[in-house]
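Here, each number is a calculation from the coordinates, and none is a lab measurement. Model, not experiment: these values are computed from the prediction. Glycine also receives a Cβ, built like all others from the backbone with ideal geometry; neighbour counts cover every protein chain displayed.
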Amino acid sequence: MHHNIHQFILLSSILFGNFLSSETYFVNNKAQYYQVTKNLNAGDTVVLEDGVWNDFEILFEGEGTEKKPIQLKAQTNGKVFITGKSNLKIAGSYLIVSGLIFTDGYTPTNSVIEFRKNRYELANNSRITEVVIDNFNNPDRTQNDNWVTIYGKNNRFDHNHLSGKKNKGVTLVVKLNSVESQNNKHLIDHNYISNRQILGSNGGETLRIGTSHYSLQNSDTSVINNYFDKCDGELEIISNKSGNNKFIGNFFNESRGTLTLRHGNGTLVKDNIFIGSNIDHTGGIRVINKNQTITNNYMEGLKGYRFGGALVVMNGVPNSKINRYHQVENAVISNNSIINSDHIHLAAGSDQERSAVPIESSFNNNLIFHKDNINPIKIFDDVSGISFSNNIISNSDYLEIKNGFNLKNLEVYKDYNDLTYAKGITSIGISKNLTKIAKDKTGVSWYPKHKQTNTFDTGSAIKIEPKDDAIFNAINSASPGDILMLAAGTYRVQRILEINQPITIMSESNDVEIFFERSSLFEIHNKGSLKIKGIKIYGSESPDSSGNSVIRTSKSILDNYKIVVEDSFISKLDVNHSFSFINPSKSSFADLISIKNSSFSNITGSIIIMNKEFEDYGVYNAEYISIEDSKFTNIEGILIDIYRGGTDESTFGPHFIMKGSKLVNIGFGSRNKQKAMMRLHGVQVTDINNNELINTQPIKIFHTVGEPITSITSNILDSKNKLQIVELNSAEENTAYVKNNRFVN
Ligand code: CA
């Protein structure tokens, strides 16, 4: 094979290379690479041999020309793997890099790919194309790095595949830190960017252009025909923080958050498609600042609200500081179609500080249709600075705007492009020729566009008999999604069971007892998720030491995980103090903790501990926690402790539901410092419904930022003072919806 390649190179040199005095260097180790790249000339090509290049910090520099660029390539696209502590820096002019895969490692610096060598040596007129970065994450998810950082001018980043960013930091960022990187005219196009898991903190943006500091500079970057697939990191999928950018023809599939025009003026948002599939917090476009144009965009099935709605026009701060909210002025919002989306918020965020209402703006020719006959428009302040005309809406109930909306009984249909139109309506809403960018026209053809695999019960059922190490051995030989079916009997587990894939452990007959002899029964690792169904778990044979738990996470876990518990019975977690059910490590993050139809009794610690992020950075440990139809008796610790401190507003959770459950004698252990049966601090959505609480410490709810939605209805409690709701950031009365609760005393 090598022979052939050398022959090929020789042949190319004879035919083209020598004639143009350009060289092709085929390299198969790092030393060779560093040697040949010391002095590259215009027209030279460096080819990396197929295989794995571990711990490879690639500096690629040189001065090419438009006609004779300098290229770095894979021998075969998709067969060159850059692993370990590796990165790529390019500096100079007319450089092209293609065909590499970064995986199974992480960058030792601030970026995986950086368009500069250092502060002073940038890349211009250069291109990164057909490069893959897949799950290339620092194992410590709190460590901040960017995957791609673009500096310089006239650079292109196209047809790349960026999937599975999990640690803190922006996936793709354009920096404007010096004059040499401003008015840059970069082109970011046809990239496939996917699977950004929920970060549970600010710093999970998928694309950011600029920073507030340089936001009054123009970037003039074009973001065209990119495919954003399940980019859920935080409130901002895209954080635009500079001027004169263009977002055209991008497709946002099932992504939580919005394209946010956070800072900077004069940006065009045109021909973009947002499909939410009715997933929580899927959003569209958020408008702030001057001279923004939002036209011919399509939003469908978006559930987001407040700053995450389908279309949000914000209030500003009078004489705003550079990093706060500038007033909306001269916004043009026209010919957008907003279909089956729940929230369009105008003058959003109006409060004492954000009092500057939108001015000199227009809202014309937009089509708003909702199949459930909802009027999605909500107004939070004076919108007389927006002129409304020629819009069509399917329901105008409660609409305070008198003119500019025609109420029509719309008959809608999906056209050839899978987009919804209204029969008989032309020139209002999106044009007929708007189409979604096809997935296979983005990214690379030679690397699969993965589906997420973190799902239960998709594998095969494996029968287990109650023998020594039977569960341990079965877990070690299982495949993702497998179901371990435990035959009736008593299982004694002598090792911590490490869960590193989605696994279900269930009983065939509801007659399975598990005792465990280590400080924890299950430990969730990367890629792990656990479902328990119909199992009895006892802590009476666990070590006689404090702080045991049934489920914990490994100390450093990067992947979000899920725990589902159904029809199970957990008892005698009382061999020593502070014995808990779920006790994850700091900086771990659960997408879901769900307990259904289960019973918990005689426990010295807590059921769910999600309070590890005590620094008040707006960070938290679980997105959705739900408890349904379950019973808790004699729990000494706080039953549930959820803590999200600070005033940051870039995240959606945590969410908490408890319903249909009975709680008796909860929280009276002397080690329960909160003196509460439950603490919900900074939880954004709370629904406590139809529960019975007998002899418990109080429920303590602390509202922080972000207009939390709290509903406490139809519960039975000992007395009124068992329900304590405190507003930490507002002098107003608390905003919780408390109704139909019965107090026994
Ligand atoms: Ca952010």
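Comparing LEU530, LEU268, PHE515 along the charge dipole axis of the chain, the residue lying farthest to the positive side is LEU268, per the Cβ-charge model.
Bridging of LYS30 to lysines at a Cα separation below 16 Å is possible for LYS38, LYS73, LYS85, LYS89, once same-chain residues fewer than 8 apart are set aside.
Working note: Karplus 6.51/-1.76/1.60 with θ = phi - 60° gives the stretch 183-196 the couplings 6, 7, 6, 5, 10, 10, 9, 6, 8, 10, 10, 9, 6, 8 Hz, where Gly and Pro are set to x.
In units of 2.2 N^0.38 Å, what is the alpha-carbon radius of gyration of the chain? Present the calculation step by step, with values, prior to reporting the outcome.
Numbers: Rg = 28.3 Å, N = 745, 2.2 N^0.38 = 27.2 Å.
Compactness ratio reported: 1.04.
By the count of other C-beta atoms within 10 Å, a proxy for reagent exposure, VAL312, VAL80 are ordered fewest to most as VAL80, VAL312. Among 385-391, 90-96, sorting by the average number of other beta carbon atoms lying within 10 angstrom of each residue, highest first, gives 90-96, 385-391.
Counting every other Cβ atom within 10 Å of each residue's Cβ, THR293, THR258 order from fewest to most as THR293, THR258. Taken as Cα centroids, the stretch 125-190 and the stretch 264-304 sit 22 Å apart, rounded to the nearest whole angstrom. DSSP beta bridges confined to the stretch 76-441 are antiparallel in about 5 percent of cases.
Order 734-745, 268-279, 42-53 from most to least packed using the mean count of other Cβ atoms within 10 Å.
Averaged packing, sorted descending, gives the order 268-279, 42-53, 734-745.
Across the options PHE369, HIS186, ASN315, the greatest Cα extent toward the positive end of the charge dipole of the stretch 76-441 (unit charges at beta carbon of Lys, Arg, Asp, Glu) belongs to HIS186. With the simple spin-label model, which puts each label point 7 Å out from Cα in the Cβ direction, the GLU508 to ILE359 separation comes to 7.7 nm. Taking every C-alpha pair closer than 8 Å and separated by at least 6 residues, the mean separation divided by the residue count of the stretch 461-743 gives a relative contact order of 10 percent. Note on the stretch 349-491: antiparallel DSSP beta bridges, both residues inside, total approximately 20 percent of the bridges counted.
Remark: the stretch 485-551 carries a charge dipole of roughly 240 debye about the Cα centre, counting +1 on each Lys and Arg Cβ and -1 on each Asp and Glu Cβ. Which of rounded, prolate or oblate describes the stretch 668-720 when judged by the alpha-carbon gyration tensor and an a/c cut-off of 1.5? Since a/c reaches 1.5 but b/c is at least a/b, the shape of the stretch 668-720 is classed as oblate. Please check which bits of the stretch 500-523 a label hung off ALA488 would reach, taking the label as a point 7 Å along Cα-to-C-beta and the cut-off as backbone N under 16 Å. In the stretch 500-523, the label zone of ALA488 (backbone N under 16 Å from the point 7 Å along Cα→Cβ) covers 507-514. Exceedance of the 28 Å cut-off in Cα-Cα distance is limited, within the set LYS117/LYS449; LYS303/LYS555; LYS423/LYS449; LYS631/LYS720, to LYS117/LYS449; LYS303/LYS555; LYS423/LYS449. Classify the stretch 197-238 as rounded, prolate or oblate, taking a ≥ b ≥ c as the square roots of the eigenvalues of its Cα gyration tensor: rounded when a/c is under 1.5, otherwise prolate if a/b is larger than b/c and oblate if not. Taking the square roots of the gyration eigenvalues as a ≥ b ≥ c, the stretch 197-238 is oblate. Here the peptides 334-343, 548-557 are ranked by packing, the mean other Cβ count within 10 Å, and the order with the highest first is 334-343, 548-557. Of all DSSP beta bridges confined to the chain, the antiparallel ones make up roughly 5%.
Think of the stretch 325-387 as a dipole: +1 on every Lys or Arg Cβ, -1 on every Asp or Glu Cβ, centred on the Cα centre; then among PHE380, SER337, GLN352, SER337 lies furthest on the positive end. This ranking places LYS423, LYS432, LYS536 by how few other beta-carbon atoms lie within 10 Å of each, fewest first, which gives LYS423, LYS432, LYS536. So which trypsin sites (Lys or Arg not before Pro) in the stretch 112-175 end up in coil per DSSP with only 12 or fewer other C-beta atoms within 10 Å? Passing both the DSSP loop test and the Cβ count: ARG119. Each Lys and Arg Cβ is given +1 and each Asp and Glu Cβ -1; about its Cα centre, the chain then shows a dipole of about 660 debye.
Let me know the Kirkwood hydrodynamic radius for the stretch 461-743, please, with Cα pairs as the basis and the value in Å to one decimal. It would help to have the intermediate numbers written out before the result.
Numbers: mean 1/r = 0.0524 Å⁻¹.
Over the stretch 461-743, the inverse of the mean reciprocal pair distance is 19.1 Å.
Could you size up the charge dipole of the stretch 76-441 around its Cα centre, putting +1 on the beta carbon of Lys and Arg and -1 on that of Asp and Glu, and report it in debye to the nearest 20? All intermediate terms of the calculation are to be shown ahead of the outcome.
Details: 40 positive and 34 negative charges, 158 e Å.
Rounded to the nearest 20 debye, it is 760 debye.
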